[in-house]
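S.K.: Here's a structure for you.
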Amino acid sequence: MTSHLLLIACQIAVIACGLVSGVFLTFSDFVMKSLAATEPAGGIQSMQLINRKVYKTVFMVLLLGMSFVSPVFIGYAYFYVSGPAMYPIVVGGVVYFFGVFIVSLLFNVPMNQRLDVMDYTAKDTHAYWQTYVPVWSFWNYIRAIASGGAAVCFLLASVWLVQGMTGAG
């Protein structure tokens, strides 16, 4: 991959990670709080519908795309990028892969799957909802911070790549 292609890839990663982070932050910051403020059945049913609809969205393309591209960034940067840009590319890939993808697989997705099969009107579902909202939101904040941090890393790598191309710095 030439320096120009790597620069473009890093710039696309900045945008993708930033957008993913924004969606995660939006959910934890006020969507989940709003759903929790409704009657439990209404919040639960809404979250079940959101979780079913999310699979056919641009958000999922970005989320999963970066999950699969992150290890590629890590390997490519480690073996083929010389200079200071290598470090933020590797760190950005690691932070995104573990802080977003692995956290999603271990925490948020299993919680969503458990909620999805529950009857939104049942008392045991309402009891689960009281735990679901704060725990799911906590892990979602972790994903927001990780994807935001990855965006910053890829932005820093982009700056250093440009400086290396122009001889500035």
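Derivation of every value follows stated rules applied to the coordinates shown; laboratory data play no part. Bear in mind the structure is a predicted one, so any value in this text is a computation, not a measurement. Neighbour counts are summed over all protein chains in view; Cβ atoms, including those assigned to glycine, are modelled from backbone coordinates with ideal geometry.
S.K.: Per the helix-only calculation at 222 nm, which mean residue ellipticity applies to the chain, given -39500 (n - 2.57) for every DSSP H run of n ≥ 4 and division by its residues, nearest 500 deg cm²/dmol?
M.R.: Numbers: 7 runs with 130 residues, N = 169.
Per the formula, -26000 deg cm²/dmol.
S.K.: By how many degrees, between 0 and 90 and to the nearest 10, does the Cα long axis of helix 3-26 differ from the longest principal axis of the chain?
M.R.: For 3-26 against the chain, the angle is about 20 degrees.
S.K.: Moving on to the next point. With the crude spin-label approximation of a point 7 Å out along Cα→Cβ, what separation in nm comes out for Lys123 versus Ile102?
M.R.: 4.1 nm
S.K.: Which one, Gln11, Phe138, Ile102, is farthest towards the positive end of the dipole of the stretch 3-166 when Lys and Arg carry +1 and Asp and Glu -1 on their Cβ?
M.R.: Gln11
S.K.: Considering only Gly83, Gly93, Gly18, give the residue with the highest GNM mean-square fluctuation for the chain, with springs between Cα atoms whenever their separation is below 10 Å.
M.R.: Comparing Gly83, Gly93, Gly18 in a Gaussian network model of the chain, the most mobile one is Gly83.
S.K.: How compact is the chain by the rule of thumb for globular proteins, expressed as Cα Rg over 2.2 N^0.38 Å?
M.R.: Values: Rg = 18.7 Å, N = 169, 2.2 N^0.38 = 15.5 Å.
Compared with the compact-globule rule of thumb, the chain sits at 1.21.
S.K.: Taking the chain as the reference, fit the longest principal axis to its C-alpha atoms, fit the long axis of helix 40-53 to the helix C-alpha atoms, and give the angle between the two in degrees, 0 to 90, nearest 10.
M.R.: 40 degrees
S.K.: Roughly how big is the chain's charge dipole about its Cα centre, with Cβ charges of +1 (Lys, Arg) and -1 (Asp, Glu), in debye to the nearest 20?
M.R.: Working: 7 positive and 5 negative charges, 25 e Å.
With Lys and Arg at +1 and Asp and Glu at -1, about 120 debye.
S.K.: Can you compute the FRET efficiency between Asp29 and Met60 using 1/(1 + (r/R0)^6), with r the Cβ-Cβ distance and R0 = 22 Å? Round to the nearest 0.05. Mind showing how you got there, number by number?
M.R.: Values: r = 20 Å, r/R0 = 0.92.
That pair, Asp29 with Met60, gives E of 0.60.
S.K.: So what are the ³J(HN,Hα) numbers for the stretch 65-81, from phi and the Karplus equation (6.51, -1.76, 1.60; θ = phi - 60°), rounded to whole Hz, Gly and Pro as x?
M.R.: Values, residue by residue: x, 5, 5, 7, 7, 4, x, 5, 4, 4, x, 4, 5, 4, 8, 10, 9 Hz.
S.K.: I've got another one for you. Which one of Leu19, Leu49, Leu64 has the biggest mean-square fluctuation once the chain is modelled by GNM with Cα springs under 10 Å?
M.R.: Leu49
S.K.: Measure nothing fancy, just the Cα-based angle from helix 123-166's long axis to the longest principal axis of the chain, in degrees from 0 to 90, nearest 10.
M.R.: For helix 123-166, the angle is close to 10 degrees.
S.K.: So, in nm, how far is label Ile50 from label Ala37 when the simple model puts each one 7 Å beyond its Cα toward the Cβ?
M.R.: Roughly 1.3 nm, to one decimal.
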